Amino acid sequence: MTSQIQKELPDTLLRLAITVPGILRVEKSPSQIDSTHALDSFKVNSLGPMLLMKHLSPLLPTKSSPPFTNTPFNDLDGQQPALPSHAIYAMMAARVGSVSDNATGGWYSYRASKAAVFQLAKTFDLYLRRRSRDRALAVAMHPGTVQTDFTKDYWAGRDMLQPGDAAARLLRVICSIPTGVDDGRGRCWDWKEEEVRP
């Protein structure tokens, strides 16, 4: 995949990547944990983002790369945010992957596999700090509860975001993250621009 992109677009750098793999197996008690289903959760939710990171990272700018042009665009709400001058690599996490936010338990394989995404974002960002400095950063994202087939069993009694609204909000958050060491890189952010603590 990467070699084909580099062959067809040799002078093009990856400016914005949003990786969104995810499957959900619900285990309400330890007795419901199935090793095959749990392994599938880790393959998709943890290993999937890790392998995408492996293959897409060579396309990100290095510290000697010129900055991107600050490009405004029209989002779904008619606002005009601008893509920043640095590259952003975002991985979809989930609030239920936060250890500090876990007050209800359950969902063992999903929680554990999504917790790994917090670690991947931090670890990849530390790599990018050395390789790319302020030319690229990595973050994890939580889109909120979005009304899709993925969440259809949980629609009742919940405030739901529509897919287009969630996407527009996440894009605004992504475009507002600066590259400074303590400014937001390597962390998990939700659709309201609030940090989801690991």
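Just so you know, all these numbers are worked out from the coordinates, no wet-lab data involved. Here the structure is a predicted model, which means the values were calculated and not measured. Here the Cβ is made from the backbone with ideal geometry for all residues, glycine too, and neighbour counts use every protein chain on show.
Give me K54, K43 sorted ascending by neighbouring Cβ count inside 10 Å, so fewest comes first.
Lowest to highest Cβ neighbour count: K54, K43.
Give me, ordered by chain and number, the residues 5 or more places off I18 or on other chains with an amide H under 5 Å from its own placed amide H.
A90
Once the other residues with Cβ under 9 Å from the Cβ of G186 are scored (Lys, Arg +1; Asp, Glu -1), what is the net sum? Could the numbers behind the result be given before it?
Working: positive: K122, R129, R185, R187; negative: D125.
Net charge in that neighbourhood comes out at +3.
Taking amide hydrogens as modeled 1.01 Å from N in the peptide plane, which residues meet the under 5 Å criterion relative to L161, leaving out close sequence neighbours?
Under 5 Å from the amide H of L161 lie the amide H atoms of T145, V146, Q147, each far enough along the sequence or on another chain.
Would you please name the chymotrypsin sites (Phe, Trp or Tyr not before Pro) within region 3-98 that are DSSP coil residues with at most 11 other C-beta atoms within 10 Å of their C-beta? Write down the numbers at each step before the final one.
Working: sites: F42, F68, F73, Y89; in loops: F68, F73.
Listed in order of number, the matching sites are F73.
Rank-order 114-124, 15-25 by packing density, defined as the average count of other C-beta atoms within 10 Å over each peptide's residues, highest first.
114-124, 15-25
Sort S113, S3, S57, S132 so that the residue with the fewest other Cβ atoms within 10 Å of its own Cβ comes first and the one with the most comes last.
On the way: S113 28, S3 9, S57 19, S132 23.
Final ranking by Cβ density, sparse to dense: S3, S57, S132, S113.
Mind checking which lysines have their C-alpha under 26 Å from K54, skipping anything on the same chain fewer than 8 residues away?
The qualifying lysines are K7, K43, K63, K114, K122.
Show me, for region 103-111, the HN-Hα J-couplings you get by feeding each phi into the Karplus relation (A = 6.51, B = -1.76, C = 1.60, θ = phi - 60°), rounded to Hz, glycine and proline as x.
Ordered by residue, 3J(HN,Hα) equals 10, 10, x, x, 6, 4, 5, 5, 4 Hz.
In whole Hz, with x marking every Gly and Pro, tabulate ³J(HN,Hα) for region 52-68 from phi via Karplus 6.51 cos²θ - 1.76 cosθ + 1.60, θ = phi - 60°.
4, 4, 4, 7, 8, 4, x, 8, 7, x, 9, 5, 8, 6, x, x, 6
Show me the GluC sites (Glu not before Pro) within region 93-198 that DSSP assigns to loop and that have at most 13 other Cβ atoms within 10 Å of their Cβ. Let's see the in-between values first.
Values: sites: E193, E194, E195; in loops: E193, E194.
In loop regions of region 93-198 (DSSP not H, G, I, E or B), the sparsely surrounded GluC sites (Glu not before Pro) are E193, E194.
Using a Förster radius of 30 Å, what is the FRET efficiency between S64 and K43 based on their Cβ-Cβ separation? Nearest 0.05, please.
Working: r = 36 Å, r/R0 = 1.19.
It comes to 0.25.
For n ≥ 4 DSSP H runs only, could you compute -39500 (n - 2.57) per run for the chain, divide by its residues and tell me the 222 nm figure to the nearest 500?
Working: 5 runs with 62 residues, N = 198.
Taking each H run of at least 4 residues, the total per residue is -10000 deg cm²/dmol.
Measure out, as a whole number of angstrom, how far apart the alpha-carbon centroids of region 23-50 and region 130-198 sit.
When both Cα centres are located, 22 Å separates them.
Kindly state, to the nearest 0.05, the FRET efficiency for R158 paired with L56, given R0 = 35 Å and r defined as their beta-carbon distance.
Details: r = 33 Å, r/R0 = 0.94.
It comes to 0.60.
Scan around A87 for amide H atoms under 5 Å from its own, H built in the peptide plane at 1.01 Å from N, and keep only partners 5 or more places away or cross-chain.
A136, L137
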